[in-house]
There are 2 protein chains.
Amino acid sequence: LTYAAAVGRATSSPVGLHRVVSPAGVLPQAAAVLDADPAIYGDEVRIGVRRLNLDAASFRQLREHYADGGALRDAVLEIVRTRGKMHNPVTNSGGMLVGTVEEVGPQSPLGLEVGQRVATLVSLTLTPLTITDALRDWAGTSEQVPCAGTAILFARSAVAVLPDDLDERLALAALDVCGAPALTARVVAQYADSGAAPSVVVIGGCGKSGSMSLAAARRAGAGRVVGVVPHDAEARLLAAAGLADEVVIADARDPLALSAAIGDAVDVTVVCVDVPGCEGGAILATRDKGTVVFFSMATSFPAAALGAEGLAADVTMLIGNGYVPGHAAYALDLLRTDAGVRTLFEGRVAE
Amino acid sequence: LTYAAAVGRATSSPVGLHRVVSPAGVLPQAAAVLDADPAIYGDEVRIGVRRLNLDAASFRQLREHYADGGALRDAVLEIVRTRGKMHNPVTNSGGMLVGTVEEVGPQSPLGLEVGQRVATLVSLTLTPLTITDALRDWAGTSEQVPCAGTAILFARSAVAVLPDDLDERLALAALDVCGAPALTARVVAQYADSGAAPSVVVIGGCGKSGSMSLAAARRAGAGRVVGVVPHDAEARLLAAAGLADEVVIADARDPLALSAAIGDAVDVTVVCVDVPGCEGGAILATRDKGTVVFFSMATSFPAAALGAEGLAADVTMLIGNGYVPGHAAYALDLLRTDAGVRTLFEGRVAE
């Protein structure tokens, strides 16, 4: 018998509406404040949190805004204390977490068992969260945050059981971005199915979502595959990983420089860099009837919509949905079987 | 011989880079300030402006922020004076304009002739603009702004010659949103081509883009077509226009109420309301493998991306590109041939 059932709380909702404190009627992601009470409802699951993985855009903003690791740590604690979730109010993004299943409500449809190591595949912006260790083991210098506390999964949540054959930090880093390779593969396959092998450029090709998207594009039938990186060090890393036919250095915020570096406009452009202002360049790099997939949380909706209109560009622009069925298994498989992806991820978590 | 050629200005760019004052290297839409000098380059066209049509999100924000029409007018003048374009810095949106072709550069590929009445189909956020009449004929109470001044078209611009058989304000209102029906038709046709007639819901079905999108959905082969409106007055208007099989009243910012009003989840959801916070409801209203097309400039990219992920919703989410080949002719044809659309538009411009 759970605490929730024992005290007769209101009926729960599969999407978590019962956890919304304010404003009334919105979904948990849109809420200002969630109820993060560790006591579960009958269809919920409680996770004992061990590590948060902050979204790249969120961590970048926090790091640039706060003078040192201590101030940054205090800011994260304050967000979680006041909002009941790690929802960065500036970037409107979160991240995900890993932990161990502590309690499974009798009506939970997620199929989890107590003691399993899991990673959440829904954003921290909608995950009720408490922190009980004051983040004392986090220096504030990495997006990976060692943490003790509790998190709640709703009935309609996405979660992955962590595999035993992969380092937890590696798996977590891959699962954090697993929507990107899965959706890239789907888009590339649509072009490949209907004609010649499509050309693909991934902006931010050396990052987590970028390197996985490059590998996914190739597997899905891409022809020419280009990775764009901001500087020489990443160019060398990505070239060594062998994930792209060409690696080019360009500032993605400079549309002309980007187009010049890429050469011929491509069928599919995948935007994986976490800096604002890349919409115009991505659109200009894409040919007529091509597709741009935006995964960066720094993407501006009006800049993309008006940018394409302003360039009279007949391109399909997708909002990178972080959920694609099978995405977790697909990303973990890339990590296991693609040596280039594996090398880049191992280097990244060792930093 | 143009002034520009006479004084030997720098080479022009088809996308208008030569008009960007700051910051350097960005496209005109992303620029803080444009050079709105009425003297044209060899591949440009100068329009004598007669009317601006402010984007709905922009006008709404301005109207809510400024106490009266005079203050609102001053704000628009100040934006245009300092930025060289009518680019609302809060909403990041603009609108479009009508006027008369004043001068055509010898290298302009747009095929225009001096004296033609035209409407721009690229956003005001990237159109160099001067205002010479202090907007004295505008009371600040309507998004349609009588105006004297000049605007510049680049080589790669989208522009429509206004038809002689339609009232200018009617045509302008239709052209302002012409990307929405064209893209809706394309998406609906893709579903219709691959199986049963898709069900379609248009949120904000009584507005300009919404009513045209409803009509376009039907023409493109939709099955059940539902229009969502915020209150009774619009419900009566839309029902009388006969554009939807069902008209329902719901607050689009309330996901549960919206879903309850719509009933079964649909194949295609089109978001045309100019208020923030409609992402979650639109996603929840859409079935697995369905598509959400966001046309509202109030759409938040992170809210859509994280909202779908948080709901484990396998939906395709499109950023409503305002440019689709043939969009102007398609919208004007809807206005001419669909009595329901025509009636709603006539009522709107008469307000």
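The values are calculated or read from the model by the stated rules, or taken from the named source; none is laboratory data. It should be emphasised that the depicted structure is a prediction, and the values quoted were computed from it without experimental measurement. Cβ placement follows ideal geometry from the backbone for every residue including glycine, while neighbour counts extend to all protein chains displayed. Each accessible area value is taken on the protein alone, full model and side chains, heavy atoms only, with ligands, DNA and RNA left out. Shrake-Rupley method; radii C 1.70, N 1.55, O 1.52, S 1.80 Å.
Rounded to a whole number of µm²/s, how large is the Stokes-Einstein D of segment B:215-351 at 4 °C and 1.567 mPa s, given Rh as the Kirkwood radius over C-alpha pairs? Estimated diffusion coefficient is 82 µm²/s.
Over chain B, what percent of the accessible surface lies on carbon and sulfur atoms, probe 1.4 Å?
Values: 6370 of 12330 Å².
Carbon with sulfur: 52 percent of the solvent-accessible area.
Model label points for A:Arg63 and A:Gln116, set 7 angstrom from Cα along the Cα-to-Cβ axis, are 3.3 nm apart.
How would A:Ser199, B:Ser22 rank on accessible area, largest to smallest, probe 1.4 Å?
Numbers: A:Ser199 20, B:Ser22 45 Å².
In descending accessible area the options line up as B:Ser22, A:Ser199.
Using the scaling law 2.2 N^0.38 Å as the reference, what is the normalised Cα Rg of chain B? Please report the intermediate quantities before stating the final value.
Values: Rg = 20.5 Å, N = 351, 2.2 N^0.38 = 20.4 Å.
Compared with the compact-globule rule of thumb, chain B sits at 1.00.
If you sort B:Arg83, A:Arg169, B:Arg219 by accessible surface, 1.4 Å probe, largest first, the order is B:Arg219, A:Arg169, B:Arg83.
The charge dipole of chain A, taken about the Cα centre with unit charges on the Cβ atoms of Lys, Arg (+1) and Asp, Glu (-1), comes to about 440 debye, rounded to the nearest 20.
Shown is the FRET efficiency for B:Asp264 and B:Ala233, computed with R0 = 30 Å from the Cβ-Cβ distance and rounded to the nearest 0.05: 0.65.
Helix B:301-310 and the long axis of chain B differ in direction by around 20°, with both axes built from C-alpha atoms.
Per residue, the average separation of C-alpha pairs within less than 8 Å and at least 6 apart gives chain B a relative contact order of 14 percent.
Over all pairs of different C-alpha atoms, segment A:127-177 has a mean inverse distance whose reciprocal, the Kirkwood radius, equals 13.0 Å.
The residues of segment B:290-351 expose, per residue, 28 Å² of accessible area to a 1.4 Å probe. Can you give the extra length, in nm with one decimal, that the chain gains between A:Val90 and A:Lys289 once fully stretched, where that is 0.36 nm per residue apart less the Cα-Cα distance? Residue separation times 0.36 nm, minus the Cα-Cα distance, leaves 68.2 nm.
Say the dipole of chain A comes from +1 at the beta carbon of Lys and Arg and -1 at that of Asp and Glu; which of A:Ala32, A:Leu175, A:Thr141 then lies farthest toward its positive end? Highest projection toward the positive end goes to A:Ala32. Net charge dipole, the protein assembly as shown: roughly 40 debye, given to the nearest 20, about the Cα centre with Cβ charges of +1 for Lys and Arg and -1 for Asp and Glu. The modelled label-to-label distance between B:Ser22 and A:Ala134, using points 7 Å beyond Cα along the C-beta direction, is 4.6 nm. Angle check, please: helix B:232-241 long axis (alpha carbons) against the longest principal axis of chain B (alpha carbons), in degrees 0 to 90, nearest 10. Tilt relative to chain B: about 90 degrees. Across the identical copies, the 7 Å label point of B:Leu166, projected outward along Cα→Cβ, sits 5.3 nm from its counterparts, in ascending order. Computed with a 1.4 Å probe over protein heavy atoms only, the accessible area of A:His18 comes to about 30 Å².
Over all orientations, the protein assembly as shown has a Cα convex hull whose mean projected area works out to 30.4 square nanometres. Label-to-label distances for B:Asp245 across copies, nearest first, come out at 4.6 nm, using points 7 Å from Cα in the beta-carbon direction.
Provide the three semi-axes, in whole Å and in decreasing order, of the ellipsoid equivalent to segment A:278-351 as defined by the square roots of 5 times the Cα gyration tensor eigenvalues.
Working: eigenvalues 189, 39, 29 Å².
Calculated on Cα positions only, the semi-axes equal 31, 14, 12 Å.
When the charge dipole of segment A:192-279 is built from unit charges on Cβ atoms (+1 for Lys and Arg, -1 for Asp and Glu) and taken about the Cα centre, the candidate among A:Ala216, A:Ile249, A:Val271 whose Cα reaches farthest toward its positive end is A:Ala216.
Computing FRET efficiency as 1/(1 + (r/R0)^6) for B:Arg50 and B:Ile249, where r is the C-beta to C-beta distance and R0 is 41 Å, gives about 0.65. Solvent-accessible area lost on pairing A with B (1.4 Å probe, both sides summed) amounts to about 4400 Å². Modelled spin-label separation between A:Thr100 and A:Glu78, with each label point placed 7 Å from Cα along the Cα-to-Cβ direction: 3.3 nm.
Note down the Stokes-Einstein diffusion coefficient of segment B:257-304 in µm²/s, whole number, using a Kirkwood radius over alpha carbon pairs, 37 °C, and 0.692 mPa s. Let's see the in-between values first.
Numbers: Rh = 10.8 Å.
Diffusion coefficient, whole number: 304 µm²/s.
Under 20 Å from the 7 Å Cα→Cβ point of A:Ala32, by amide nitrogen: which residues of segment A:86-101? It comes to A:86-94, nothing else.
Helix A:179-193 against the longest principal axis of chain A: what's the angle in degrees, Cα atoms only, rounded to the nearest 10? Tilt of helix A:179-193: around 40 degrees.
Using a/c under 1.5 as the rounded threshold, could you call segment A:215-270 rounded, prolate or oblate? The axes a ≥ b ≥ c are square roots of the C-alpha gyration tensor eigenvalues, and prolate needs a/b larger than b/c, oblate otherwise.
Details: a/c = 2.32, a/b = 1.16, b/c = 2.00.
It is oblate, given that a/c is not under 1.5 and a/b is not larger than b/c.
Under the criterion of Cα pairs below 8 Å and six or more residues apart, the relative contact order for segment A:171-277 equals 29 percent.
Over segment B:247-351, Cα pairs under 8 Å with separation of 6+ residues give a relative contact order of 20 percent. Could you work out which residue, out of B:Asp164, B:Asp333, B:Asp176, moves most in a Gaussian network model of chain B, that is, has the largest mean-square fluctuation with Cα springs under 10 Å? Sorting by GNM fluctuation, first place goes to B:Asp164.
With every protein chain kept in place and ligands, DNA and RNA left out, what is the accessible area per residue of segment A:35-99? Probe 1.4 Å, answer in Å².
Values: 2280 Å² over 65 residues.
With all protein chains present, segment A:35-99 gives 35 Å² per residue.
Each listed q (0.09, 0.10, 0.18 Å⁻¹) maps to a log10 I(q)/I(0) for segment A:1-135 from the Debye sum over equal C-alpha point scatterers, namely -0.27, -0.33, -1.03. Rounded to the nearest 20, the Cβ-based charge dipole of segment B:84-139 about its Cα centre (Lys and Arg +1, Asp and Glu -1) stands at 200 debye.
Summing -39500 (n - 2.57) over the DSSP H runs of n ≥ 4 in chain B and dividing by its residue number, what mean residue ellipticity at 222 nm do you reach, to the nearest 500 deg cm²/dmol? It lands at -10000 deg cm²/dmol. Look at the stretch B:18-29: the mean tally of other chain Cβ atoms within 10 Å of its residues' Cβ atoms is 4. Partners of A:Lys85 within straight-line reach, counting lysines whose Cα lies under 30 Å from its Cα and excluding those fewer than 8 residues away in the same chain: A:Lys208, B:Lys289.
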